[in-house]
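Have a look at the structure below before the remarks.
The values are calculated or read from the model by the stated rules, or taken from the named source; none is laboratory data. These numbers were taken from a predicted model, which means no experiment stands behind them. No Cβ is skipped: glycine too gets one built from the backbone with ideal geometry, and neighbour counts run over all protein chains shown.
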Amino acid sequence: MSAQKQRQYPSILVIVAVSIWVTVTGNFAFFSNLFAIYPVSWKNAGFISSLVILLIALTNILISTFAIGRLYKPLLMIVLLVSTASAYFMDTYNVVISSEILQSALQTDASESLGLLNARLFIYLVFSGVLPCTLLWFMPVSKQAVIREALSRGKLIVLSGAAIILMLFLFSSSYASFFREHKSVRFYSNPETPVYTAIKYVQGKLEDSDDTSFKKIGLDARQEVSDRKRRLIILVVGETARWDHFSLNGYTKITNPMLAERNVFSFDNVWSCGTATAVSVPCMFSLLDRKNYREKVAKSTDNVLDIAERAGINVAWMDNNSDSKGVALRVPYTSYRTPELNPYCDDECRDIGMLEGVRKLVSASLSGDILVVLHQMGSHGPEYAKRYPKSFERFKPSCSSNLLEKCSQEEIDNAYDNSILYTDFFLGHVIDYLRSVSMEFSPAMLYVSDHGESLGENGIFLHGFPYAFAPESQKHIPMIFWAGNEFGREHRKLKEQGFEHREFTQDNLFHTLLGLLDVKTEVYQPKLDIFYP
């Protein structure tokens with residue numbers, strides 16, 4: 001019996017061991033970003049060492065506070081797995097685990113999730129997560145009376161707190177500079193940032209679950225009777241497109257050959273509402289602007305599609321992405337992710353297949369104006385090479401891996417640019433279809449991407465950074481407008497005034513759509529309508 005007791009480990013010792021393990025194995029991204037600012041040298045050795053101690057102490061406090069009773073081992077295992085998964089994405093793509101990233105991950109469908117799987121992720125999960133969890137599960141931990149255990153935890157928390165205070169005191173000037181000038185680096189701390197993000201997300205969901213009456217706006221929405229042609233507007237919501245990879249905006253590679261021949265407006269100073277689809281898409285259709293956007297409020301309030309439908313517009317959402325992120329809950333919705341509806345499927349179903357749905361919808365709509373939203377798969381990463389058919393692999397060599405850091409910058413850019421080339425092909429055919437029905441309709445197309453993408457600049461890939469710290473590449477987006485002769489005549493003079501270079505944001509979309517559809521309502525703000533004279 002005494003030998004068995006000797007083999008048992010004090011609970012606080014296990015907590016410290018887990019904290020050290022997570023800090024050492026889960027913070028490669030944190031320290032690689034730190035070393036870019038504070039190179040390893042004798043001069044910086046003290047400050048860097050203090051950060052290691054500070055992270056261990058913070059993790060001690062975090063675990064000690066919540067890992068109690070029967071939750072002890074399960075919570076430690078959750079910390080190990082969460083920190084391992086977070087470390088993989090931060091190390092591989094240099095992203096931070098922001099609320100945007102977490103929300104997007106939870107809303108990602110199975111096919112998109114499969115695109116992230118690879119041997120490296122498996123190695124991370126097994127060696128940094130599963131094996132330590134298995135060891136922990138079978139490790140005998142000594143049990144103490146509740147009071148003694150509380151005292152032990154209290155001592156660990158106090159000692160960890162004292163260590164933090166001491167580090168901040170000894171290197172006060174370095175920390176003052178670090179927190180003031182390099183705020184973004186702290187978002188790479190693991191598991192502190194992922195746990196904080198998860199708690200914040202759950203808290204927000206709990207608040208959203210409170211009974212909130214649905215608010216209808218634009219109840220006075222109407223269209224004035226006229227003898228003009230019916231309007232047919234196709235709004236294309238792009239995915240992960242960057243303004244600076246469109247040749248229409250000066251990019252050296254010809255990524256927009258079809259659009260260049262179709263007399264389109266290309267806006268080169270447009271900014272997204274968020275850095276992830278889960279935020280940008282509902283935000284751009286909401287009356288709320290970026291600064292005041294709240295998911296709960298947006299979900300419980302009419303969006304511009306609801307108002308357009310109330311005014312008598314035939315509204316439909318067609319999707320080749322995961323879903324509408326709650327925007328199309330009250331209007332007709334169709335997914336084109338399966339061959340049953342999409343006639344253009346190979347490795348995956350292509351955006352061009354949604355045009356078949358548009359043709360059928362227009363043929364079946366015998367009266368009233370029509371607004372169709374087409375939600376693209378576009379340039380969704382990291383597997384850019386899957387976003388286009390092989391026949392569109394014009395720029396070579398291209399990256400075919402989801403481990404982007406294994407590819408050269410040229411290969412990444414080429415794969416991404418090929419996906420933009422396919423978007424150009426898709427938009428070109430949308431315009432050609434609209435031209436084909438111009439005898440019956442006054443047609444127009446508006447394309448706007450949901451957000452941008454980092455392609456390896458400064459070691460950062462993908463998107464989802466907190467907006468305040470996100471690089472321009474994740475926020476600066478392309479927007480394209482085309483209109484038929486009758487519809488576009490009133491807008492052409494604006495091109496001469498250089499309005500394509502004026503700054504716009506996705507906040508303008510709500511009011512611009514109402515303006516294009518000629519919907520009169522008190523919530524319409526002409527000054528936010530891009531085409532308002």
The conditions are (1) of a type in the set (Ser, Thr, Tyr); (2) over 30 Å from residue 92 (Cα atoms); (3) under 24 Å from the mean Cα position of the chain (by Cα), and residue 442 fails exactly one of them. Which is it?
(3)
All but one of (1) hydrophobic (A, V, I, L, M, F, W, C); (2) crowded, with 22+ Cβ neighbours inside 10 Å; (3) in the same structural domain as residue 515 (by TED's automatic domain parsing); (4) in contact with a Phe, Trp or Tyr (Cβ under 7 Å, 6 or more places away or on another chain) hold for residue 377; which doesn't?
(4)
Taking interchain pairs and intrachain pairs at least six residues apart, which have beta carbon atoms under 8 angstrom, with the first residue in the stretch 464-478 and of a type in the set (Gly, Ala, Ser) and the second surrounded by fewer than 17 Cβ atoms within 10 Å (Cβ to Cβ)?
473/244; 473/457
For residue 353, indicate whether it is surrounded by fewer than 22 Cβ atoms within 10 Å (Cβ to Cβ), more than 28 Å from residue 254 (Cβ to Cβ) and either touching a Leu at 6+ places or on another chain (Cβ under 6 Å) or in contact (Cβ under 8 Å) with a residue 12 or more places away in the chain (or both).
no
Residues in the stretch 308-326 that are surrounded by 18 or more Cβ atoms within 10 Å (Cβ to Cβ), over 24 Å from residue 431 (Cβ atoms) and in contact with a strand residue (DSSP E or B) (Cβ under 7 Å, 6 or more places away or on another chain): how many?
2
For the stretch 286-297, name all the residues that are modelled with pLDDT under 95 and under 13 Å from residue 217 (Cβ atoms).
297
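Please enumerate the residues belonging to the stretch 118-129 that are in a helix (DSSP H, G or I) and under 28 Å from the mean Cα position of the chain (by Cα). Steps first, please.
From the stretch 118-129, those in a helix (DSSP H, G or I) are 119-129; that's our starting set.
Across the stretch 118-129, the qualifying residues are 119, 120, 121, 122, 123, 124, 125, 126, 128, 129.
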Identify all residues within the stretch 33-67 that are at pLDDT 95 or above, of a type in the set (S, T, N, Q) and surrounded by fewer than 19 Cβ atoms within 10 Å (Cβ to Cβ); write none if there are none.
49
Do any residues in the stretch 511-530 that are under 18 Å from residue 231 (Cα atoms) have Cβ atoms under 6 Å from those of residues that are of a type outside the set (S, T, N, Q) and assigned to a helix (DSSP H, G or I), where the two are at least six apart or on different chains, and which pairs are they?
511/528; 513/304; 517/308; 529/511; 529/515
Scan (1) in contact with a Ser or Thr (Cβ under 7 Å, 6 or more places away or on another chain); (2) modelled with pLDDT under 95; (3) of a type outside the set (A, V, I, L, M, F, W, C) for the single condition residue 70 breaks and write down its number.
(1)
Residue among 110, 105, 85, 119 that is out of contact with any Phe, Trp or Tyr (no Cβ under 7 Å at 6 or more places or on another chain), surrounded by 15 or more Cβ atoms within 10 Å (Cβ to Cβ), without any contact (Cβ under 8 Å) to a residue 40 or more places away in the chain and under 30 Å from residue 323 (Cβ atoms)
105
Within the stretch 127-145, how many residues are surrounded by 12 or more Cβ atoms within 10 Å (Cβ to Cβ), over 15 Å from residue 88 (Cβ atoms) and small (Gly, Ala, Ser)?
1
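Tell me the residue from 366, 361 that is at pLDDT below 95 and either of a type outside the set (Asp, Glu) or surrounded by fewer than 22 Cβ atoms within 10 Å (Cβ to Cβ) (or both), please.
Details: 361 fails: at pLDDT below 95.
Answer to the check: 366.
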Residue check: is residue 227 in contact with a His (Cβ under 8 Å, 6 or more places away or on another chain) and surrounded by fewer than 16 Cβ atoms within 10 Å (Cβ to Cβ)?
no
Which condition number in (1) modelled with pLDDT of 95 or more; (2) within 20 Å of residue 108 (Cα to Cα) is the one that residue 342 fails?
(2)
The stretch 439-466, subset touching an Asp or Glu at 6+ places or on another chain (Cβ under 8 Å) and of a type in the set (Ser, Thr, Tyr), residue modelled with the highest pLDDT:
449
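I'd like to check something: does the stretch 379-393 contain any residue that is within 27 Å of residue 521 (Cα to Cα) and not acidic (Asp, Glu)? Can you show your working first?
Filtering the stretch 379-393 down to residues within 27 Å of residue 521 (Cα to Cα) leaves none.
No: the stretch 379-393 contains no residue that is within 27 Å of residue 521 (Cα to Cα) and not acidic (Asp, Glu).
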Taking the residues in the stretch 176-203 that are touching a residue at least 24 places away in the same chain (Cβ under 8 Å) and of a type in the set (Ser, Thr, Tyr) as candidates, determine which candidate is surrounded by the most Cβ atoms within 10 Å (Cβ to Cβ).
189
Go through 132, 140 for me and flag whichever is modelled with pLDDT of 95 or more and farther than 30 Å from residue 350 by Cα.
132
